[in-house]
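Rule-based calculations on the coordinates, nothing more; no lab input. Bear in mind the structure is a predicted one, so any value in this text is a computation, not a measurement. Glycine also receives a Cβ, built like all others from the backbone with ideal geometry; neighbour counts cover every protein chain displayed.
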Amino acid sequence: MVCHYLVKGRVQGVGFRWFVQREAAEIGLKGWVRNTDEGHVEIVAAGDPEDLTELKEALRKGSRGSRVDAVIEHQLDESEGANLGEFNIEGAW
């Protein structure tokens with residue numbers, strides 16, 4: 001199963017991407033996380049439905065210092081997950 005999440009709130013500049021990367025890697029998901037130009041955080045994750053539910057719960061809680069106002073979820077076609085590798089942060093230095 002492959003899902004796209006858009007997290008809205010105070011989620012940039014508070015370590016949110018690193019939080020997501022750590023959570024997703026611990027769960028064993030593949031995919032990526034990155035900031036958007038609109039101030040949100042975007043995630044694509046692939047794995048078992050139960051694992052994706054666990055990630056979504058973590059996204060709702062957020063990292064220390066963040067404030068999550070909304071988590072918008074879209075299920076993607078399985079083919080979207082074909083090229084996903086180890087969960088990483090895109091655009092981080």
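Quick look at the numbers
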| quantity | calculated |
| --- | --- |
| Residues of segment 1-24 that turn out to be assigned to a strand (DSSP E or B) and among the β-branched types (Val, Ile, Thr), as a count | 2 |
| Failed item in (1) among the charged types (D, E, K, R); (2) in contact (Cβ under 8 Å) with a residue 12 or more places away in the chain; (3) exposed (fewer than 11 other Cβ atoms within 10 Å of the Cβ), with Glu50 passing the rest | (2) |
| The one condition in (1) hydroxyl-bearing (Ser, Thr, Tyr); (2) out of contact with any strand residue (DSSP E or B) (no Cβ under 9 Å at 6 or more places or on another chain); (3) buried (at least 20 other Cβ atoms within 10 Å of the Cβ) that Ser63 fails to fulfil | (3) |
| Near pairs, Cβ below 9 angstrom, 6+ apart or cross-chain, from segment 1-17 (touching a residue at least 24 places away in the same chain (Cβ under 8 Å)) to any residue that is part of a strand (DSSP E or B) and polar (S, T, N, Q) | Met1/Gln75; Val2/Gln75; Cys3/Gln75; His4/Gln75; Val11/Asn35; Gln12/Asn35; Phe16/Asn35; Arg17/Asn35 |
| Subset of segment 70-93 [under 20 Å from Trp18 (Cβ atoms), in contact (Cβ under 8 Å) with a residue 60 or more places away in the chain and surrounded by fewer than 14 Cβ atoms within 10 Å (Cβ to Cβ)] | Glu86, Ala92 |
| Residue that is nearest to Ala58 (Cα to Cα), among those in segment 21-40 that are in contact (Cβ under 8 Å) with a residue 60 or more places away in the chain and surrounded by 19 or more Cβ atoms within 10 Å (Cβ to Cβ) | Ala24 |
